[in-house]
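I have placed the structure first, in the form of C-alpha cells, so that the comments after it can refer back to it.
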Amino acid sequence: MEPKYKRVLLKLSGEALAGDGHVGIDYDNTVLSICRSIKECVDLGVEVAIVVGGGNFWRGRSSGSMDRTRADHMGMLATVINALALCDALESMGVDVRVQTAIAMTSVAEPYIRNRAVRHLEKGRVVIFGCGVGSPFFSTDTASSLRAAEINADIILKATLVDGVYDKDPHKYDDAVRYEELSFSEMLAKDLAVMDLTAATMCKDNHIPVMVFSLEDPHNIVRAVCGEDVGTIVKEA
C-alpha cells in the first residue's frame with residue numbers, strides 16, 4: 001500500500017477506546033487493535049499525530065449543575081488517561097511515542113511545544129496530544145483542527161462510530177444518505193453533525209480537509225491514509 005498523505009492528525013473519540021463496554025478502556029482488544037493500524041501507518045513512513053477525547057470517562061457538557069470550567073478541566077484530565085493508554089500500547093509494539101499535554105504535568109508527559117512536536121514527527125515518532133487546547137469551552141474536535149493547523153497536517157482523519165457523514169442519523173433513519181464528498185460551507189449550511197462550529201470554521205479557514213470514517217474496522221485508518229474511499233471527505237471547494 002502506498003500512503004497518500006505524509007503527515008496526518010488522527011482524531012480518536014474516548015468512546016472508541018472503550019469497546020463494547022462503552023465506559024473505560026478496553027486495552028487488550030480495542031486499544032491494541034487500533035494501535036496495530038497506527039503502527040502500520042508509521043511503518044509506511046507516515047507521520048502520525050493523535051488527538052484523543054475523554055468521553056469514555058467524563059463529558060464536561062453533560063455534568064449537570066457542576067461549574068462548566070471545572071467540569072471541562074476534568075474532561076481534559078480524562079484525555080490524558082487515554083493518551084497514556086495509547087502510548088503504552090504503541091510502545092509495546094516498538095513504536096516511538098511522545099505524549100504532549102496542553103496543561104503542564106511534567107511527571108507523566110511533555111508540555112505541548114509546537115516546534116518540539118514537529119521535530120518528533122520528523123523523526124518518525126507518534127505524537128499524542130492530551131488536554132485538548134488546555135482551556136474550557138473548547139472541544140477536542142477544536143483541538144484537532146488547531147493542532148492540525150499548527151503542525152501543518154495534510155488531513156484530519158476523524159474516526160467515528162459511523163462510516164461517513166449522512167444527511168440524517170443513520171442509526172435512526174433507514175433512508176439516510178451518505179455523502180461521498182462535502183464542502184465545509186455545505187456542512188455548515190445543512191447543520192450536519194460532523195464537528196462543532198469552531199472546529200469546522202478553523203478547518204475551512206486553514207484549508208485542512210477532514211476524512212470521516214468508521215473505526216469499527218481499525219484497518220480503515222490505514223485505508224484512509226492511503227486515500228481509499230472509506231468514508232466522507234469534507235473539504236473546501
Query raised in the report: List, please: which pairs have Cβ atoms under 6 Å, are six or more places apart or on different chains, and start with a residue in region 131-148 that is under 14 Å from THR201 (Cβ atoms) and end with one that is outside any helix (DSSP H, G or I) and charged (D, E, K, R)?
Result: SER139/ASP196; ASP141/ASP196; SER144/LYS11
Query raised in the report: Being of a type in the set (A, V, I, L, M, F, W, C), in a loop (DSSP other than H, G, I, E, B), out of contact with any helix residue (DSSP H, G or I) (no Cβ under 8 Å at 6 or more places or on another chain) and farther than 27 Å from ALA18 by Cβ, is that true of even one residue in region 165-180?
Result: yes
Query raised in the report: Which one of the conditions (1) farther than 28 Å from ASN29 by Cα; (2) of a type outside the set (Val, Ile, Thr); (3) touching a Lys or Arg at 6+ places or on another chain (Cβ under 8 Å) does ARG125 fail to meet, given that it meets all the rest?
Result: (1)
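Filter region 224-237 for residues that are without any contact (Cβ under 8 Å) to a residue 60 or more places away in the chain and either within 27 Å of LEU32 (Cβ to Cβ) or touching a helix residue (DSSP H, G or I) at 6+ places or on another chain (Cβ under 9 Å) (or both) and give the result.
So the first thing to find is which residues in region 224-237 are without any contact (Cβ under 8 Å) to a residue 60 or more places away in the chain, and the list is 228-229, 233, 235-237.
Result: GLU228, ASP229, LYS235, GLU236, ALA237.
Let me confirm something: among MET202, MET187, which residue is in contact with a helix residue (DSSP H, G or I) (Cβ under 9 Å, 6 or more places away or on another chain), closer than 20 Å to VAL52 by Cβ and in a helix (DSSP H, G or I)?
Numbers: MET187 fails: closer than 20 Å to VAL52 by Cβ.
The unique qualifying residue is MET202.
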Query raised in the report: If you go through region 1-16 one residue at a time, how many are at pLDDT below 95 and among the aliphatic types (A, V, I, L, M)?
Result: 2
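Might you let me know whether region 67-82 holds any residue that is more than 16 Å from PRO136 (Cα to Cα) and in contact (Cβ under 8 Å) with a residue 60 or more places away in the chain?
Taking region 67-82 as the starting set, the residues that turn out to be more than 16 Å from PRO136 (Cα to Cα) are 81-82.
Narrowing the set further to residues that are in contact (Cβ under 8 Å) with a residue 60 or more places away in the chain leaves 82.
Yes, region 67-82 has at least one match.
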Report task. Starting from region 93-118, keep only residues that are within 21 Å of THR142 (Cα to Cα) and in contact (Cβ under 8 Å) with a residue 40 or more places away in the chain, then list their pairs with residues that are basic (Lys, Arg) and in a strand (DSSP E or B) whose Cβ atoms are within a distance under 9 Å, requiring at least 6 positions of separation or different chains. Result -> ALA117/ARG98
Report task. Quickly run through region 205-217 and pick out the residues that are part of a loop (DSSP other than H, G, I, E, B), surrounded by fewer than 20 Cβ atoms within 10 Å (Cβ to Cβ) and either over 16 Å from the mean Cα position of the chain (by Cα) or in contact (Cβ under 8 Å) with a residue 24 or more places away in the chain (or both). Result -> HIS207, PRO209, GLU216
**Report entry** Matching residues, region 33-45, being in contact with a helix residue (DSSP H, G or I) (Cβ under 8 Å, 6 or more places away or on another chain) and either more than 27 Å from GLY134 (Cα to Cα) or of a type in the set (Ser, Thr, Tyr) (or both)
**Finding:** SER37, LYS39, GLU40, CYS41, LEU44
Requested in this report: Hey, could you check region 164-175 for residues that are within 20 Å of VAL230 (Cβ to Cβ) and either over 25 Å from the mean Cα position of the chain (by Cα) or at pLDDT 90 or above (or both) and say which is surrounded by the most Cβ atoms within 10 Å (Cβ to Cβ)?
Outcome: VAL165
Report task. Could you pull out the residue among VAL225, VAL230 that is hydrophobic (A, V, I, L, M, F, W, C), touching a Cys at 6+ places or on another chain (Cβ under 6 Å) and crowded, with 18+ Cβ neighbours inside 10 Å? Result -> VAL225
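The values are calculated or read from the model by the stated rules, or taken from the named source; none is laboratory data. What you see is a predicted model; the values in this text were computed from it and never measured. Positions of Cβ are backbone-derived with ideal geometry, glycine not excepted, and every protein chain shown enters the neighbour counts.
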